[in-house]
Structure formats: C-alpha cells, structure tokens
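Contents: one structure, followed by commentary.
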Amino acid sequence: MDGIVGLYGLDDDELVGKAFLATGACQHRGKASTGLAIGNSKGIYVHKGLGRIAEVIDYNTIRTFQDLEPVAAIGEKINVEPIEIYPKTGSKLKVVLTMDGYLIKEDDLRAELEPDYDLQTDNKTEIIGALLHKYITQEGIKFEAGEKLLDRLHGRATFALTALVHDGKEIYLIALNDARAFEPFCYATINGTFVASSESCSHRRLNGLTEREYDGGEMTICSSGGNETKRLREEPLMPDIFQGVYFGNVGSLFRGKEIFQLRKELGLELVDHYKTSKADVVIPNPESGWGVTVGIAEGLKKRLYPAIIKLPQSVRTFQEGEQQTRSQEVGLKFGGIDSLLGDQNVAMGDDSIVRGSVSEGGSVWVVYNAGAKFIEFWISYGPMFFPSFKEWHRGIECLNELAVQRAFKGDNPYDKTLDEVNKAVAKLVGVDEVKYNLKEKIRKIAGDGSFQAMDASYPIDEEFWPDWLKIEFDKFNRYRES
C-alpha cells in the first residue's frame, strides 16, 4: 500500500501542516520516498525526494508552502510522487497527482499518449495521470472526465488517486477510485477542510473522524464552489482482503471495521477451528502479527508475551526479490528474549506466510535460538497459491517463490487438504506445526472481496492475465473439482 492523501480547505492557514501529518500517519511497506504538492490560484508547487516524510518535508518546507496560501494539497509516501503531467502542446490545464494502485500492460496506453504527452518516468501513475489530463481537456473538470477514465481502465487497473488540477484561474482537488474499490480510500471533512486518504488513521491524526469509505467508482471534485461526491459506476465491490489482514495501520478502518479488531477476530477464528494447542506461551511475529496473536492468546487462554523484538538495525525485506538477499537481511531483523522463550512450547502468531523467508531465516531461528523447544505457527490468512497481480511483471518466478509452491516443488499443491498444506509448509519454514486460516472464516470476519492469493479472484479481467497464470489457474480448478 502507498499512503496517499488529498486536502482542500479555503482559508485554512494550517493546510500544509495538516497534509504533512495526514501523510505521515499512513502505513506503508517498501523503501521510502515521499512528496507533497500544494495549489493556489496561481498554480501548483511540488516538493519530493527520497527518504521518510520527516526527512523530505521539514519545518522550512511547510512554512514556505503555507506562505503561498494554498487551498489544496496532496501527499504521497512512496514512489517519489506526486507526479506532474507534461502535455507536448500548450494546455491551460496543469495536473499533478499521486496514486495508490497498479496498472497492467500499459504499453498500448503509453503508445496512445506519447504523441501528445512528454512521459518522463516508468511510473504507472504518470500514464493514468496523462489519461486524466486528456479527459479533463475533453470534458472539463467534471464527473464525465472521471467516467471516461473508469471506462478506459476497467478490468486492467486498481487505483485510488488524488489530483490537483489548475485551469489557469483556480485550483481543484479531485479524488477518484476504481469501480471495484480494490484499494482502500476514505474521506472526512474536518473543521471545514476536506481530507481524502488511503487510511482513516489520517483523519484521527487531524482530530477528526472518517465520514465513510469510498464505494467503487466514486469521484469527489472540490472547488471554490463547494465539494461534490458522485458514484460514477456501480458494480459489486472487490476490496483487497489482504490489505486488511496485513498492510493497513491497525487503527484504520477496513470496510467499516477497525483493522486491529479484524485481526484479533481472525485469531479467535483460528482457535475455534484448531481447538487445542501445546503452547505454554503465545508470542507475536512482530509487528503485523500482533492483532491475530491477541486473538489467539485470548482464545487459548494462554499468556501473551512480546518475546521477539524488532532490532533498530532491521531493514525492510518484503519487497526484496532475491531469496538470498532476503534471507541475509531477515537475520538482522529480530532479537529473542531468552527468559521468556527458553524451554517453552511457543504459539507464534503472524498475518501470513508469503514466501516464507522472513519466518524461515529470521523469527523462527530467533525463537529456537532463544531456547524454545516447540513452535506452532498460527497464520491469520490462508495458504497463498497465487501471486499478487502487482508482481506479474516478474514472470512465473513470482509464482514459484511462494511458500506453498516451494513446499510442493515437483508436486501439485491444489489437491492437498489443509492439513497436508500445513505439514508441508511447516517443514519448509522449519517449525513443528503451521496452522493456516480458512477462507470461509476470513470472509466471515473481513467480508466479501478479493482473495487473490488464495483463489485467483483478481480484480483484473482474465484477458490481461499472463499465459503462465492462465495455465496455473486452469490446473487449480481441475484439481479442486476432482
């Protein structure tokens, strides 16, 4: 998840500071960069760079931007955004945007846009921004432009975006999400300032409460004439359930439910299914394992200890592509507390097992090294048979590196029982037991949506799938039916 925000407030003399705080509140994964753009009647101004938000946006930047008397601002926490769109011929419209989401197979769109736009990056946000500029040029700063963008990207992109648009006289803020509401997006009006954000914790950081989460295909246009929100396309929603299980800030909402409570309830559902445990103590695999572990400990009526700590020298490993690199880095990630783990049977809670390398080379080794004699690995999500569509560009390797696929290398995982999958993955990551969750229990707690990793319920139309995935999905269906 990329943390994005958009604010619009006439005569708000704290607008830039609010944009800083709202952006900084967002959770994110990956290697950090950040940016901020503000707009007033004269134009749009952008400041961005590598580093975390407090390193890129300092007090002097906030003060300088606020002195420009902005009425709108957008911020982004990854991907060195916001991005400005550059038409090749003169245009009175200036568009700067930031986006959380992904676009599949954009080559045809890039070819369509290149005659009219100077595309300066490989960032997919720039493609979507150029399309937005094109449709605003055709339709004006109206909902019709958003309808055209939704139609053009339907079935091949997920997105929540905020954009500043300057028409030569006035600044507008636009917020828009895809028709399936795959990416989280919500809004509130706080002391007269409209705030759209990828996470509701941004609103709490500004001492406000989220009014609601966007439905699919909703667009907000903010201007001096007021703020208006309209749903442009109606179809069944497909929120990414994994963002509730893993990516989101624990204090944010996911389809109306606090994420910490969602994760705790997943832990209780795990206990309801597996019933018993050999554990003396329950510990989280930090940091995203905390919620499910609270539920596991409560359900088992066992002691809960923070017996693994994340070390200050730790580095992020989720987005590392090389298995060896990840294995080396996770060894630096955790430290164990011997007095809590020594000679204990341990139930360790975690959100998921994706590739397995963080557990295999990091936390599992730390717990055993601290003297634990038995580890049960309780997982709030289910077995992940398929990669995220945001990884497809890496080819079939993004399938083969998944823990479930590696556990059944040379075999087929799709006709195996949950117990067989549990045992094979336990052997892979080096624990005594793995206890995956069931999809029906996850759906009970998190609601309907995309379970793409478990069953290939992608928000992307099948015509845009890579060939290797179509073959694998066909195999999945054939074995499951048999």
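Total residues in the stretch 95-123 satisfying the condition of being acidic (Asp, Glu), in contact with a strand residue (DSSP E or B) (Cβ under 7 Å, 6 or more places away or on another chain) and either at pLDDT 95 or above or within 14 Å of HIS393 (Cβ to Cβ) (or both): the figure is 1. Restricting THR34, THR89 to those that are farther than 17 Å from ILE174 by Cα, part of a loop (DSSP other than H, G, I, E, B) and either in contact with a helix residue (DSSP H, G or I) (Cβ under 8 Å, 6 or more places away or on another chain) or modelled with pLDDT of 85 or more (or both) reduces the list to THR89.
Per the conditions (1) surrounded by fewer than 16 Cβ atoms within 10 Å (Cβ to Cβ); (2) over 19 Å from TYR45 (Cβ atoms), the sole criterion not satisfied by LYS92 is (2).
The lone criterion from (1) of a type outside the set (Ser, Thr, Tyr); (2) touching a strand residue (DSSP E or B) at 6+ places or on another chain (Cβ under 8 Å); (3) not assigned by TED's automatic domain parsing to the domain that holds GLY299 left unmet by GLY267 is number (3).
Considering (1) surrounded by 24 or more Cβ atoms within 10 Å (Cβ to Cβ); (2) under 25 Å from ILE141 (Cα atoms); (3) at pLDDT 95 or above; (4) of a type in the set (Gly, Ala, Ser), the lone condition that GLY295 does not fulfil carries the number (2).
THR189 satisfies every condition listed in (1) within 19 Å of VAL46 (Cα to Cα); (2) outside any helix (DSSP H, G or I); (3) modelled with pLDDT of 95 or more except (1).
You will find that of ALA160, ALA196, the residue that is modelled with pLDDT of 95 or more, crowded, with 20+ Cβ neighbours inside 10 Å, within 15 Å of ILE83 (Cα to Cα) and among the small types (Gly, Ala, Ser) is ALA160 and no other.
The residues in the stretch 129-176 that are basic (Lys, Arg), in a helix (DSSP H, G or I) and touching a strand residue (DSSP E or B) at 6+ places or on another chain (Cβ under 9 Å) can be counted, and the count is 1.
Out of the residues in the stretch 323-365 meeting the condition of being of a type in the set (S, T, N, Q) and at pLDDT 95 or above, tell me which one is surrounded by the fewest Cβ atoms within 10 Å (Cβ to Cβ). Among residues in the stretch 323-365 that are of a type in the set (S, T, N, Q) and at pLDDT 95 or above, the one surrounded by the fewest Cβ atoms within 10 Å (Cβ to Cβ) is SER339. The set of residues in the stretch 366-392 that are at pLDDT below 95 and either surrounded by fewer than 17 Cβ atoms within 10 Å (Cβ to Cβ) or not in a helix (DSSP H, G or I) (or both) comprises ASN369, ALA370.
Across the stretch 440-467, the number of residues qualifying as surrounded by 16 or more Cβ atoms within 10 Å (Cβ to Cβ), closer than 11 Å to TYR381 by Cα and charged (D, E, K, R) comes to 1. I'd like the full set of residues that are part of a loop (DSSP other than H, G, I, E, B) and not hydroxyl-bearing (Ser, Thr, Tyr), limited to the stretch 431-456. The answer is VAL431, ASP432, ASN437, LEU438, GLY447, ASP448, GLY449, PHE451, ALA456.
The values are calculated or read from the model by the stated rules, or taken from the named source; none is laboratory data. Not measured: the values here are computed from a predicted model. Methodologically, a virtual Cβ is constructed for each residue, glycine included, from the backbone with ideal geometry; neighbour enumeration extends over all protein chains shown.
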